[in-house]
Amino acid sequence: MNLNNWLEERFGLAQAVQEIKEHPVPKHARHPMYCFGGLTFFCFIIQVITGIILALYYRPTPDEAYASIVFIRDQVAFGAMIRTLHHWTANLMVVMVIVHMLRVFYTGSFKKPRELNWVVGVILLLLTMGFGFTGYLLPWDQVAYWGSMVGTEIMGSVPVIGKYLMIMLRGGLKVSEFTLTRFYVAHVMILPILAMMLMGAHFIMVRIQGISDEL
Ligand code: HEM
């Protein structure tokens, strides 16, 4: 008995895989403007892979963070390349998600029955920005430190809850080692878990509702 049959007997996945393979892509969805959601997801996958490799060497403490980044850049095999990929794909992902959102807006695909998927999309956009914001501090150099100081200060100007929001993000009144820990946990745990759950919901809704056809 080969491994395939053995697994098939236990999980019976062949039919599900066959259905996915045979699911027709509607003709209108072959228009290039429909590829940006998928490209955003592709960027996310690159971020997950390069991020895991970076996390093997990165150390999230004020004493070690910058040194570990220099180590990745200068000593780790392909370290500079992985770091550059992570940096540029983060930028690219923001561009892709915005173009995707503009396509959805232009084709009116946010209308009934896809309103909820639009709302999930808006949260995904905020999470994408959140990845950039929290990742920015991690090298713990001058630009990162002062950039995060200004960023969290801006949060502090939100009416009523601003001050609490700022203290919660910073883990105190100032940007400190607690801020670094919080941003790291948000960057590698909270945001990825939320993003994966919401992307799952986003894709299931696309599958259930079908792709809109306005182009
Ligand atoms: C991480 C971010 C996101 C990913 C990975 C993603 C991925 C996708 C994918 C793969 C599709 C299938 C159609 C296509 O590719 O155009 C889709 C559809 C859709 N997305 Fe997103 N998306 C994201 C963010 C957003 C944002 C920011 C919005 C709007 C605020 C949004 C709203 C929608 C809607 C309404 C649909 C259904 C469109 C239709 O039926 O034509 N998405 N998304």
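The residues of segment 5-40 that are of a type in the set (A, V, I, L, M, F, W, C), open to solvent by 50 Å² or more (accessible area, probe 1.4 Å) and within 14 Å of the ligand (Cβ to nearest atom), listed by number, are 25, 33, 35, 39.
Every residue, every condition in (1) closer than 15 Å to residue 135 by Cβ; (2) surrounded by fewer than 19 Cβ atoms within 10 Å (Cβ to Cβ), yes or no:
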residue	(1), (2)
42	no, yes
46	yes, yes
69	yes, no
74	no, yes
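For segment 126-193, which fully contained helices (runs of 4 or more DSSP H) count at least 2 residues that are touching a residue at least 40 places away in the same chain (Cβ under 8 Å)?
Details: elements: 142-156, 162-170, 177-185.
Result: 177-185.
Within segment 125-158, the set of residues being open to solvent by 100 Å² or more (accessible area, probe 1.4 Å) and under 30 Å from residue 104 (Cβ atoms) comprises 126, 136, 154.
Scan 122, 17, 104, 70 and give me the residue that is aliphatic (A, V, I, L, M) and touching a residue at least 12 places away in the same chain (Cβ under 8 Å).
Details: 122 fails: touching a residue at least 12 places away in the same chain (Cβ under 8 Å); 17 fails: touching a residue at least 12 places away in the same chain (Cβ under 8 Å); 70 fails: touching a residue at least 12 places away in the same chain (Cβ under 8 Å).
After applying the criteria, what remains is 104.
Suppose we filter segment 87-121 for residues that are exposed (fewer than 12 other Cβ atoms within 10 Å of the Cβ) and under 18 Å from residue 196 (Cα atoms); how many remain? Total meeting the criteria: 1.
Could you go through segment 174-181 and let me know if any residue there is aliphatic (A, V, I, L, M), surrounded by 19 or more Cβ atoms within 10 Å (Cβ to Cβ) and either more than 22 Å from residue 67 (Cα to Cα) or out of contact with any strand residue (DSSP E or B) (no Cβ under 8 Å at 6 or more places or on another chain) (or both). Break it down stepwise before answering.
Here is the first cut: in segment 174-181, the ones aliphatic (A, V, I, L, M) are 175, 180.
Still in the running and surrounded by 19 or more Cβ atoms within 10 Å (Cβ to Cβ): 175, 180.
If we keep only those that are either more than 22 Å from residue 67 (Cα to Cα) or out of contact with any strand residue (DSSP E or B) (no Cβ under 8 Å at 6 or more places or on another chain) (or both) too, we end up with 175, 180.
Yes, segment 174-181 contains a residue that is aliphatic (A, V, I, L, M), surrounded by 19 or more Cβ atoms within 10 Å (Cβ to Cβ) and either more than 22 Å from residue 67 (Cα to Cα) or out of contact with any strand residue (DSSP E or B) (no Cβ under 8 Å at 6 or more places or on another chain) (or both).
The values are calculated or read from the model by the stated rules, or taken from the named source; none is laboratory data. If you're wondering where the values come from, they're calculated on a predicted model, not measured in any experiment. Backbone-built Cβ (ideal geometry, glycine too); neighbour counts: all protein chains shown. Side chains included, ligands, DNA and RNA excluded: accessible areas come from the protein's heavy atoms. Shrake-Rupley method; radii C 1.70, N 1.55, O 1.52, S 1.80 Å.
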